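The values are calculated or read from the model by the stated rules, or taken from the named source; none is laboratory data. For clarity, every value in this text was computed on a predicted model and none was experimentally measured. We place every Cβ from the backbone using ideal geometry, glycine too, and count neighbours over all the protein chains shown. Surface accessibility is based on the protein's heavy atoms, side chains included, excluding ligands, DNA and RNA. Shrake-Rupley method; radii C 1.70, N 1.55, O 1.52, S 1.80 Å.
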Amino acid sequence: MICAEILEEVSEYTQAIRKSCEILERYGMVTGEYYRGIIDNIGEYGGYFYLGEGVCMPHAKPETGVLSTGLCIIKLNTPVDFEGKKVRIFFTLAARDEAAHFVLMKQIAGICSEKQSLKKMLECRSSEEMLMMMEKEQ
Amino acid sequence: MKRIMTVCGTGLGSSFLVEMNIQKILRELGKEQEFETCHSSVYEMSAMDADYFIVANDLKDSIPPVEHLIVLESLIDEDELREKLTTFLS
């Protein structure tokens, strides 16, 4: 399952990750533990899930509270600093197992690897528009 | 057949994404029969696991020494990946 939300701005990047984890939790995809899991990962490896071009993909291991595979996309109208990089899109991924999140990864790769698609995603004015873009990548 | 391994922090996010892009580029180059791809995490990988390793700049110092290493500045810039792969594999 994919959910999406557009936020005007956040005071720091952890707020965007927290928000996306809350949404994933609301839809039963992760437990409350998942946010902590992601933050601990950053402590351990730094900003390794920064993908480039203002996009990052926060995630943690399945055993840190993933209940089912899903994705929450948060787009910021104002970029936020993430370990020295300016980020506008957070693809917060909950991966139960590899086979299940293959399709999600394909969709994310499809959007991110095409400069035009990424630009279009940044221009979306509603979460519905963003979800429609993701659907087209299936 | 030579093996290309992408490596990231958890072995299920970024490395998987880059692996997909590599497969696409190998098909473009007509080299998909010559190379197989896989992905792993910094903790699980060893230098014996593959012939070529691909890692993000942030993690290049976290992996054990390997003979053939491609370091990527951006994990979603297909042009960078294509350019580096083409140079490396030719």
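Quick notes on this structure:
- Among A:S11, A:S126, A:S68, residue whose mean-square fluctuation peaks in a GNM of chain A (springs only between Cα atoms under 10 Å): A:S11
- Options A:L7, A:G46, B:V42, ranked by Cα towards positive dipole end of the protein assembly as shown, top entry (Cβ charges): A:L7
- Spatially proximal lysines relative to A:K85 (Cα-Cα < 22 Å; intrachain offsets below 8 disregarded): A:K19, A:K75, A:K115, A:K119, A:K120, B:K60
- Relative to the compact-globule estimate of 2.2 N^0.38 Å, the Cα radius of gyration of the range A:86-138 comes out at 1.15.
- Remark: chain B carries a charge dipole of roughly 180 debye about the Cα centre, counting +1 on each Lys and Arg Cβ and -1 on each Asp and Glu Cβ.
- Rounded to the nearest 20 debye, the dipole magnitude of chain A is 280 debye, with +1 charges on Lys and Arg beta carbons, -1 on Asp and Glu beta carbons, and the Cα centre as origin.
- What the Cβ-Cβ distance of A:E83 and B:L69 gives, at R0 = 25 Å and to the nearest 0.05, is a FRET efficiency of 0.65.
- Normalised by 2.2 N^0.38 Å, with N the number of residues, the alpha-carbon radius of gyration of the protein assembly as shown equals 0.97.
- R0 of 22 Å, Cβ-Cβ distance A:E135-A:I6: FRET efficiency to nearest 0.05: 0.80
- Length, then width, then depth: along the principal axes, the Cα atoms of the range B:2-79 run 32, 25, 19 Å.
- Take each residue of peptide A:37-46, count the partner chain Cβ atoms within 10 Å of its Cβ, and average: the result is 2.
- Stokes-Einstein diffusion coefficient of the range A:47-138, Kirkwood radius over Cα pairs, 37 °C, 0.692 mPa s, in µm²/s: 241
- The angle between the Cα long axis of helix B:78-89 and the main principal axis of chain B comes to about 90°, on a 0 to 90 degree scale.
- Per-residue SASA entry for B:E73, accessible area with 1.4 Å probe, Å² rounded to 10: 120
- Residue among A:G32, A:G43, A:G65 with the largest mean-square fluctuation in a Gaussian network model of chain A, springs linking Cα atoms under 10 Å: A:G43
- Taking all protein chains as shown and a probe of 1.4 angstrom, A:M132 keeps an accessible surface of around 110 Å².
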